[in-house]
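Structure record follows, encoded as structure tokens.
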Amino acid sequence: MKKIILLLSVVIVFSTLQAQNEYKLMHDPEAKKILDKLSLKTKSYKTVRIKFSYTIENIKEDFVETHKGYAFMKGQKYKLIIPGTEIFSNGKTVWRYLKDAEEITISEPSKDDESILNPAKLFTIYQNGFKYKYIGEETVNNTKFDIIDLFSEKPAKKNYSRIRLKINKSKNIIASIKTFGKTGSNFIVDVLEFKPNIKISDKLFILDKNKYPSDIEIIDARD
């Protein structure tokens, strides 16, 4: 009987410590303080224009490919421009233009979209569905960055193991986001230029058919 009680005590202690570790990971106070400050600053911007690079990195195949693009944001409205592709939304409708396919697809915004190439989620991806942990401080060219790792609350359903945020301490903006793929394929977005509160017309976020070939195929994928 004493052995059973001892065993149960060990199990309870282990379970308690494990729960505490999970809680600490979920509510890392240092990470939360930084992310809350970042969120508050991000929400204060009326508009944002971003120049960025995005890199596809496949470790197993020793493959690296980098491109540059632009993103424009105004509340829930956004436009993304990368080579051969444009994605833009007025908050109610999403248009995707694929130059090589000569088509435009119309859809509705997805609440589950976690793509770091979605400008509407680029700086707020950490706010829902993630645990977070402060990794430490990093200095590059005399600029200090806070490093925070995000872990999905539903890891089995994700094709990545974690997302790493690098946050500029003095400017309080995200400098880069990196997803670590489970199969060795990583995706990195580096912010090259960040300009908040500039004038951006709402026309940028809706489809203007006159800007595209007259024979382009338009596919309406909405229900």
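The values are calculated or read from the model by the stated rules, or taken from the named source; none is laboratory data. If you're wondering where the values come from, they're calculated on a predicted model, not measured in any experiment. Cβ placement follows ideal geometry from the backbone for every residue including glycine, while neighbour counts extend to all protein chains displayed.
See the values below:
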quantity: PHE130 aromatic (Phe, Trp, Tyr) and either under 24 Å from ARG222 (Cβ atoms) or modelled with pLDDT of 90 or more (or both); calculated: no
quantity: Test: residue in region 33-53 that is surrounded by fewer than 19 Cβ atoms within 10 Å (Cβ to Cβ), among the acidic types (Asp, Glu), within 17 Å of the chain's Cα centre (by Cα) and not in a loop (DSSP other than H, G, I, E, B); calculated: yes
quantity: Filtered residues of region 27-59 (kept if within 23 Å of GLY136 (Cβ to Cβ) and hydroxyl-bearing (Ser, Thr, Tyr)); calculated: SER39, THR42, THR55
quantity: Search result, residues across region 175-213 that are among the hydrophobic types (A, V, I, L, M, F, W, C) and closer than 22 Å to GLN76 by Cβ; calculated: ILE177, VAL189, VAL191, PHE194, ILE198, ILE200, LEU204, PHE205, ILE206, LEU207
quantity: Residue that is without any contact (Cβ under 8 Å) to a residue 40 or more places away in the chain, under 25 Å from THR183 (Cβ atoms) and among the charged types (D, E, K, R), where the choices are GLU65, GLU57, GLU86; calculated: GLU65
quantity: Leading residue by the ranking (nearest to the chain's Cα centre (by Cα)) among those in region 54-79 that are surrounded by 14 or more Cβ atoms within 10 Å (Cβ to Cβ) and among the aromatic types (Phe, Trp, Tyr); calculated: TYR54
quantity: Residues satisfying the stated conditions in region 183-208, i.e. touching a strand residue (DSSP E or B) at 6+ places or on another chain (Cβ under 8 Å) and either assigned to a helix (DSSP H, G or I) or without any contact (Cβ under 8 Å) to a residue 24 or more places away in the chain (or both); calculated: ASP202, LEU204, PHE205
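So that you can scan it fast, the table gives a plain yes or no per residue for (1) at pLDDT 90 or above; (2) crowded, with 17+ Cβ neighbours inside 10 Å:
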site: THR139; (1), (2): yes, no
site: TYR160; (1), (2): no, yes
site: LYS166; (1), (2): yes, yes
site: PHE194; (1), (2): yes, yes
site: ASP202; (1), (2): yes, no
site: ASP223; (1), (2): no, no
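Here's the yes/no breakdown for (1) loosely packed, with under 13 Cβ neighbours inside 10 Å; (2) modelled with pLDDT under 90; (3) within 27 Å of LYS77 (Cα to Cα):
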{"site": "THR124", "(1), (2), (3)": "no, yes, yes"}
{"site": "GLY136", "(1), (2), (3)": "yes, no, no"}
{"site": "PHE145", "(1), (2), (3)": "no, no, no"}
{"site": "LEU150", "(1), (2), (3)": "no, no, yes"}
{"site": "ILE163", "(1), (2), (3)": "no, no, yes"}
{"site": "ILE173", "(1), (2), (3)": "no, no, yes"}
